[in-house]
Amino acid sequence: MNDRTLLVVSNGHGEDVIAARLATATLAASELAGLNVVAMPLVGLGAAYQRSGIETYGPRREMPSAGLTMHHPSLLLADLKAGILGLTVAQLSALRRARPLAVLVVGDAYAHAQAALTRAPRAVYQPLVSVHQSVGAPALSLRRLFMDRIRAPELLLMRGAQRLYTRDAATAEHLRERGLKSAQYLGNPMMDGLAPSAVAGEVPAAAGPVRQARPVRVALLPGSRSYRDRSLALMLAALDAWEGPDLTAEIAWTEGATPELPAPFALDAAGTWTSRNGSVKVSLRLDAFAAVLLNADAVLGTSGTANEQAAGVGLPVVAFPVLPDYGEPFLAGQKRLLGRALEVVAAEPQVVAAALGRALHDASWRQAAAVDGRARMGDPGASERIAAELATWLDEVARRGA
C-alpha cells in the first residue's frame with residue numbers, strides 16, 4: 001500500500017461484489033499515474049475480490065454466521081466462540097496502520113466506522129439501507145438498529161465523507177434534507193451486468209401471466225451462505241409438491257461443494273433432475289447467476305442481494321424464512337424495501353408451491369412486482385457513473401497531497 005492506493009473497505013458478500021465492480025471501473029476510468037486498488041473485506045475471505053484480481057489487505061476469516069452476526073442470538077454466540085472479537089480488533093489495528101491515498105467504503109455503519117480509523121479522505125457508497133425500509137419498521141430493534149434506518153451515528157460518519165452515494169433517489173433526498181449536501185444517487189450498481197437497460201418503473205412485456213408455449217422457468221436462489229443447503233431442500237420439496245403445468249427450474253449456485261438433490265428427483269442421462277411425476281425438471285448452474293435470472297419467469301429466493309436483483313429485473317420473488325440465519329425481521333425489512341415484488345410465505349412446501357403458482361399466473365401481481373421492483377432497484381449503469389466521479393475525486397485528492 002502506498003500514496004497511490006485506493007483502499008476499499010466492505011462488509012458482506014454482496015458488498016464485496018459491488019465494491020470489486022466499482023474498483024475495477026474506477027481503475028479503468030482513472031488517468032492517475034500509478035493508481036492501484038487494495039481491498040479489505042471485513043466479512044469472509046473476499047472471494048469477489050480474488051475473482052477480480054484485486055489484492056486484499058488485513059486479517060480475514062470465515063465466521064459461522066457469514067456476516068449475519070446480529071440477525072439472531074445463536075449466530076452472535078457462534079461468532080463469539082469462533083473469535084470474532086479478536087478478528088475485529090486485528091482488523092481495527094490494520095485499518096489504523098493503513099496509509100492509502102483514499103478510502104472507498106461499500107457497506108453500512110459498521111464498515112464506515114471501521115474505515116474512519118484510516119487517516120485518508122473517504123468516499124462512501126451505502127448499498128444496504130434505504131428510506132423505503134423505515135416505512136412501517138419498528139422504531140427501535142436492537143438486532144436491526146442500523147439495518148432499517150440511517151441513524152445519528154451513521155449520519156455523523158457520513159458528514160466526514162467527501163463523496164456520498166446512495167442506492168436510490170429517495171434516500172439521497174432524505175440525506176440532503178438532513179444537511180448532507182454531497183449525497184447523490186447515480187444508479188444502483190447491483191443492477192449492472194444483469195439485463196438490458198430499462199426505465200425505472202416501466203412494466204416489461206413479460207409482466208403478464210406466463211404463456212404456455214414453453215415450460216415455465218423458475219430461478220432458485222438459495223443464497224451463498226451456509227444455510228443454502230437447507231433452503232434448497234425446501235425449494236425442491238415445494239417443486240416436488242407442484243401440481244401445475246410443466247416447469248423447468250435452474251439453481252444458481254456459487255463456489256463450494258455442489259448440492260445433492262433429494263431422492264424424489266432422479267438424474268437423467270442429460271444431467272437433469274426430474275420430479276417423481278415428471279412435470280418438473282431441475283438443473284444446476286454454477287456461477288451463472290445472470291443467465292439464470294434472465295431465463296426466469298419467477299423466483300424462489302432466500303438471499304439478500306440476489307432477491308433484490310431479481311426484483312430489479314421485474315420478476316416476482318417468493319421468499320420464506322430459513323432460521324436462524326434468514327429470519328422474519330430480515331424478511332420484513334426486505335419486504336418493505338421491495339414492496340409488491342416480494343411475497344414472504346411460511347417455510348412449508350405446499351405453501352411455497354402455491355405462492356409460486358401465483359407468481360407465475362397472477363397477472364396483477366406480476367405487473368405490480370415489475371413496477372415496484374424496477375422502481376425500488378433503479379437503472380443499471382451506476383458502476384461507470386460512480387467510477388467516473390471517483391476517478392476525478394482521486395485526482396483532486398492526489399493533487400492536494402502533492
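Determine whether Ala369 is crowded, with 17+ Cβ neighbours inside 10 Å, in a helix (DSSP H, G or I), not aromatic (Phe, Trp, Tyr) and not assigned by TED's automatic domain parsing to the domain that holds Gln126.
Numbers: crowded, with 17+ Cβ neighbours inside 10 Å: yes; in a helix (DSSP H, G or I): yes; not aromatic (Phe, Trp, Tyr): yes; not assigned by TED's automatic domain parsing to the domain that holds Gln126: yes.
Here the answer is yes, as Ala369 does meet what is asked.
Report every pair of residues separated by at least 6 positions or lying on different chains whose Cβ atoms are under 6 Å apart, first residue within the stretch 286-301 and in the same structural domain as Val345 (by TED's automatic domain parsing) and of a type in the set (D, E, K, R), second modelled with pLDDT under 90 and part of a loop (DSSP other than H, G, I, E, B).
Asp297/Val210
Answer with yes or no whether Ala353 is at pLDDT 95 or above and surrounded by fewer than 18 Cβ atoms within 10 Å (Cβ to Cβ). Show your work before the answer.
Numbers: at pLDDT 95 or above: yes; surrounded by fewer than 18 Cβ atoms within 10 Å (Cβ to Cβ): no.
No: the conditions fail for Ala353.
If the requirement is being touching a strand residue (DSSP E or B) at 6+ places or on another chain (Cβ under 6 Å), closer than 23 Å to Ala398 by Cβ and assigned to a strand (DSSP E or B), which of these qualifies: Met40, Met1? Walk me through it before giving the result.
Details: Met1 fails: assigned to a strand (DSSP E or B).
Exactly one residue qualifies, and that residue is Met40.
Identify all residues within the stretch 105-128 that are crowded, with 23+ Cβ neighbours inside 10 Å and of a type in the set (Phe, Trp, Tyr); write none if there are none.
Tyr125 - this is the single residue of the stretch 105-128 that is crowded, with 23+ Cβ neighbours inside 10 Å and of a type in the set (Phe, Trp, Tyr).
Of Leu338, Leu356, which residue is in the same structural domain as Val299 (by TED's automatic domain parsing) and within 19 Å of the chain's Cα centre (by Cα)? Please lay out each step first, then the result.
Values: Leu356 fails: within 19 Å of the chain's Cα centre (by Cα).
Sole residue among the options that is in the same structural domain as Val299 (by TED's automatic domain parsing) and within 19 Å of the chain's Cα centre (by Cα): Leu338.
Looking only at residues in the stretch 289-335 that are acidic (Asp, Glu) and modelled with pLDDT of 95 or more, which one is farthest from the chain's Cα centre (by Cα)?
Let us first name the residues in the stretch 289-335 that are acidic (Asp, Glu), namely 297, 308, 325, 328.
Next cut, modelled with pLDDT of 95 or more only: 297, 308.
Details: Asp297: 20, Glu308: 7 Å.
The extreme case among them is Asp297.
Might you let me know whether the stretch 25-36 holds any residue that is farther than 23 Å from Val397 by Cα, among the hydrophobic types (A, V, I, L, M, F, W, C) and touching a residue at least 12 places away in the same chain (Cβ under 8 Å)?
no
Kindly indicate whether any position in the stretch 271-286 is of a type outside the set (A, V, I, L, M, F, W, C) and at pLDDT 95 or above. Explain how you work it out, then say what you get.
Step one: filter the stretch 271-286 for residues of a type outside the set (A, V, I, L, M, F, W, C), giving 271-272, 274-279, 281, 283, 285.
Pick out the ones that are also at pLDDT 95 or above and you get none.
No - not one qualifying residue is present in the stretch 271-286.
List the number of the failed condition for Gly378; all other conditions in (1) surrounded by 18 or more Cβ atoms within 10 Å (Cβ to Cβ); (2) in contact with a helix residue (DSSP H, G or I) (Cβ under 6 Å, 6 or more places away or on another chain) hold.
Going through the list (1) surrounded by 18 or more Cβ atoms within 10 Å (Cβ to Cβ); (2) in contact with a helix residue (DSSP H, G or I) (Cβ under 6 Å, 6 or more places away or on another chain), Gly378 breaks only (2).
The values are calculated or read from the model by the stated rules, or taken from the named source; none is laboratory data. Bear in mind that the values here come from a model prediction, so they are computed numbers and not experimental data. With ideal geometry, Cβ positions are generated from the backbone for all residues, glycine too; neighbour counts draw on all protein chains shown.
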